[in-house]
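Peer 1: Let me give you the structure first, and then I'll get to my questions.
The values are calculated or read from the model by the stated rules, or taken from the named source; none is laboratory data. Just so it is clear, the model here is predicted, and its values are computed rather than measured. With ideal geometry, Cβ positions are generated from the backbone for all residues, glycine too; neighbour counts draw on all protein chains shown. What goes into the accessible areas is simple: the full protein's heavy atoms, side chains included, and nothing from ligands, DNA or RNA. Shrake-Rupley method; radii C 1.70, N 1.55, O 1.52, S 1.80 Å.
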Amino acid sequence: MRSYPTPQAVVLADDGVFYDTGKHLPLSPRLKLDDTAAVLAGAAQIFRNGEGVIVIDTAMPNPTTFGSLTGSKRQLDGWTFTELRPWTTFTRDGVVVHMGWLPDLTEKRLLGALLDGHNGPADMATRLGRYAMLIGVPWRYTAGVSGCAALRARFTDPKPGSQPLWRHKLPTGIRGAGPLIWRAKMQPAAGTGAIVHCWDINAMYLAGIRNAQVAWGPLVHAGSILFDQRFPGFWEVSTGSLPPTLLDGIDRPPAALDRMRKGSLWVSTPTAKYMGERAGSLDILDAYVSENPQAIGRSLAERWICARNGDMGAPGPAEFALKRTYAELVGMVARPGGSIDRADWSATWMDLARVNMLRRTDRVGDRFGLWPVAVQTDAVYYVQPSDTDPGRVVLAEVLGEGTAPGLFKYQGAMTVDAYREKFGLAA
């Protein structure tokens, strides 16, 4: 059982107190599970001047009668919180306690990727503690919320300019390309005996979080400037200068349709760079960019990559929750009302991952004239009409096969008929 210098997670149940360190103590007769103030007093001693998570196997108190309003927050015995929910964060004198009430978490399906399917309180405590060790912060509410907290925890210097701008609204109508869900117009015919190979990208968005340069501060309206790949942000590109085949491969969300009718499209810096590589040049009509690019997610992503590789111990449920954390983080940072509201970061991470995938498929296409018949976010499908090259081995070499984030792994082969059934194609 993994031990920690100080407990980071505790589960309270009728049959005892379970620590993530493996320690198990009987429940004190003086402690009632529904006495939240007493539980918090104990948490202050356990976590000292730090942060931890407690799960209690009793129903959540009545929110309407719990605590008293003090300004914009509520308080209980000096502990402040915003709103009582099945997962609630309490703060007092430098101690932060993330508390969950197990019956309510179960009823409302809020156990999430980490705790769903646990094997009792001891296992739950172990999972919570290991997750905190892997991710860098304790679990709170969902994997995505925990991921945002982990990112913010990398920047603790309170001096002006020492933290990125955590909230910044994009101009109306500007957004990233998002996941690529695409099928070729010409699909393989049924009953041909051909084979469809499927390749999947390892930790696609984790690679984007690690490598993308994003805006430290706000995006600034720059007008019709020359494209500069060093500046994160968004560019209005004239579509009249793009080859038709490239334009056909660009997703056009509803918000961009009006601009498309006028002959332009807003795209993020990674997408604009990719378009310029394929088209040879870009005609920029307008731009919102930053001259202060930073790889804000790099150190956090590298920590998670070490955890993913098993450098921090054998894999288990916490590692599965880690995968959900970086996947959900990409979308969570673009959600208004959260601890981070930076849709431009989300778009940059996702679009960089997307265009890096396209660069790899372009290598295959440019070399062999072979293009995917379908793309499903991080999975690409190729038809091999016969045993001639490029087959699986050649595709592996040109696509880039490996275990690192951003590289492809082979998922297997299927018949064309199985492929058509998978994608719901008419017989």
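Peer 1: Can Trp304 be described as in contact with a strand residue (DSSP E or B) (Cβ under 8 Å, 6 or more places away or on another chain) and of a type in the set (Phe, Trp, Tyr)?
Peer 2: no
Peer 1: Could you tell me whether any residue of the stretch 237-254 is part of a strand (DSSP E or B), of a type outside the set (Gly, Ala, Ser) and either modelled with pLDDT of 80 or more or touching a Cys at 6+ places or on another chain (Cβ under 6 Å) (or both)?
Peer 2: Yes.
Peer 1: Taking Gly176 as the residue in question, decide whether it is part of a loop (DSSP other than H, G, I, E, B), within 18 Å of the chain's Cα centre (by Cα) and touching a residue at least 40 places away in the same chain (Cβ under 8 Å).
Peer 2: Yes: the conditions hold for Gly176.
Peer 1: Take the residues in the stretch 133-144 that are out of contact with any Asp or Glu (no Cβ under 8 Å at 6 or more places or on another chain) and among the hydrophobic types (A, V, I, L, M, F, W, C), then tell me which one is farthest from Leu27 (Cα to Cα).
Peer 2: Taking the stretch 133-144 and keeping what is out of contact with any Asp or Glu (no Cβ under 8 Å at 6 or more places or on another chain), we get 133, 135-136, 139-141.
Okay, now just the ones that are also among the hydrophobic types (A, V, I, L, M, F, W, C), so 133, 135, 139.
Details: Met133: 26, Ile135: 29, Trp139: 24 Å.
Result: Ile135.
Peer 1: Can I ask one more? Take the residues in the stretch 337-362 that are in contact (Cβ under 8 Å) with a residue 40 or more places away in the chain and assigned to a loop (DSSP other than H, G, I, E, B), then tell me which one is surrounded by the fewest Cβ atoms within 10 Å (Cβ to Cβ).
Peer 2: In this case the residue turns out to be Ser339.
Peer 1: Does Ala113 fit the bill of being of a type in the set (A, V, I, L, M, F, W, C), closer than 30 Å to Gly402 by Cα and touching a helix residue (DSSP H, G or I) at 6+ places or on another chain (Cβ under 9 Å)?
Peer 2: yes
Peer 1: Please work out which one of (1) within 23 Å of Ser146 (Cβ to Cβ); (2) open to solvent by 60 Å² or more (accessible area, probe 1.4 Å); (3) more than 26 Å from the chain's Cα centre (by Cα); (4) touching a residue at least 40 places away in the same chain (Cβ under 8 Å) is the condition Lys73 fails and give its number.
Peer 2: Condition not satisfied by Lys73: (4).
Peer 1: Taking the criterion of being aliphatic (A, V, I, L, M) and open to solvent by less than 30 Å² (accessible area, probe 1.4 Å), would at least one residue in the stretch 363-371 satisfy it?
Peer 2: yes
Peer 1: For the stretch 2-31, enumerate the residues that are open to solvent by 70 Å² or more (accessible area, probe 1.4 Å) and modelled with pLDDT under 90.
Peer 2: Selection gives Arg2, Ser3, Pro5, Pro29, Arg30.
Peer 1: Can you name every residue in the stretch 307-323 that is of a type in the set (D, E, K, R) and open to solvent by less than 90 Å² (accessible area, probe 1.4 Å)?
Peer 2: Passing the criteria: Arg308, Glu319.
Peer 1: Suppose we filter the stretch 190-249 for residues that are in contact (Cβ under 8 Å) with a residue 40 or more places away in the chain, open to solvent by 50 Å² or more (accessible area, probe 1.4 Å) and acidic (Asp, Glu); how many remain?
Peer 2: 0
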